[in-house]
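Derivation of every value follows stated rules applied to the coordinates shown; laboratory data play no part. These figures come from a predicted structure and were not determined experimentally. We place every Cβ from the backbone using ideal geometry, glycine too, and count neighbours over all the protein chains shown.
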Amino acid sequence: MKLYWSDVLSPRKACAVAKYLQSPVEYAYLDLGRGEHKTPDYLALNPNGKVPTLVDGSLVLWEADAIMCHLAARSDSELWPQDGRQIEVIRWLSWNTQHFTRHGGTLYFEYIIRARFGMGAPDPNEVEQATKEWRRFAKVLDQHLRDRRWLVGDTLTVADFAVAVTLPYAERAHIPLAEFPAIERWHERLNELDAWREPFPELVTAD
């Protein structure tokens, strides 16, 4: 298998799951600043020009959530449960895409990506709206997690990796994580996992 990645938000969760599962993956780094995600060869794999992309034999899979689920299913892992919990995992993946990471991702873009790629200062209107909406949905998540260790059932699943993906960047992205103690405790549990703290492969640079 070959996983195309870069050190940005969506690939973080795919790389974390691959590392957690010790999946037999060859990692291929794409330098977004140099436009390596827009080359004809890469666009033939992923016409969206986004990362990550997984190639597993004849299967070419893009979208980080799908990649996480595929890696977990391939490993017969409880990260992608094969019982009634699976629909709950799908619910949280959907909720996260539409709400939680949607707004946390806006803050990540405004405060981190803009600075990294020289795109100017954060847009105050975008920041204000995203912060308001993030707080709204963080209340839902915080309530759910008050008496739970993980999002679904009693075990770690891909839903935890997906929903938490913006939280390692909370300070830099001005995400008000400290206002939600149950979310903080949950993220501290994730931080006990080496694969979560350090998900990305080490880059080898030429001397």
Being surrounded by 16 or more Cβ atoms within 10 Å (Cβ to Cβ) and assigned to a loop (DSSP other than H, G, I, E, B) is the filter here, so list the residues in segment 20-42 that pass it. 23, 25, 30
Would you mind listing the helices (runs of 4 or more DSSP H) fully within segment 50-123 where at least 2 residues are in contact (Cβ under 8 Å) with a residue 12 or more places away in the chain and touching a Lys or Arg at 6+ places or on another chain (Cβ under 9 Å)? 64-74, 101-108
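Conditions (1) surrounded by fewer than 19 Cβ atoms within 10 Å (Cβ to Cβ); (2) on the phi < 0 side of the Ramachandran plot; (3) small (Gly, Ala, Ser), marked per residue:
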{"position": "75", "(1), (2), (3)": "yes, yes, yes"}
{"position": "86", "(1), (2), (3)": "yes, yes, no"}
{"position": "96", "(1), (2), (3)": "no, yes, no"}
{"position": "102", "(1), (2), (3)": "yes, yes, no"}
{"position": "110", "(1), (2), (3)": "no, yes, no"}
{"position": "115", "(1), (2), (3)": "yes, yes, yes"}
{"position": "127", "(1), (2), (3)": "yes, yes, no"}
How many residues are within 19 Å of residue 188 (Cβ to Cβ) and among the hydroxyl-bearing types (Ser, Thr, Tyr) when one looks only at segment 106-162? 2
Does residue 59 meet the test of being in contact with a helix residue (DSSP H, G or I) (Cβ under 9 Å, 6 or more places away or on another chain), surrounded by 19 or more Cβ atoms within 10 Å (Cβ to Cβ) and at negative phi? no
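Please work out if residue 138 is among the aliphatic types (A, V, I, L, M), in contact with a His (Cβ under 6 Å, 6 or more places away or on another chain) and buried (at least 20 other Cβ atoms within 10 Å of the Cβ).
Numbers: among the aliphatic types (A, V, I, L, M): yes; in contact with a His (Cβ under 6 Å, 6 or more places away or on another chain): no; buried (at least 20 other Cβ atoms within 10 Å of the Cβ): yes.
In short, no.
Could you grab me the full set of residues in segment 145-163 that are free of Cβ contacts under 8 Å to residues at least 40 places away in the same chain and surrounded by 19 or more Cβ atoms within 10 Å (Cβ to Cβ)? Give the derivation first.
So the first thing to find is which residues in segment 145-163 are free of Cβ contacts under 8 Å to residues at least 40 places away in the same chain, and the list is 146-148, 150, 154, 160.
Residue satisfying the conditions is 160 alone.
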Could you give me the residue pairs with C-beta distances under 8 Å whose first residue belongs to segment 125-144 and is within 19 Å of residue 165 (Cβ to Cβ), whose second residue is exposed (fewer than 15 other Cβ atoms within 10 Å of the Cβ) wherever it lies, and which are 6+ apart or on separate chains? 131/176; 134/176; 135/176; 135/179; 138/176; 138/179; 142/181
Please go through (1) part of a helix (DSSP H, G or I); (2) touching a Ser or Thr at 6+ places or on another chain (Cβ under 7 Å) for residue 175 and return the number of the only condition it doesn't satisfy. (1)
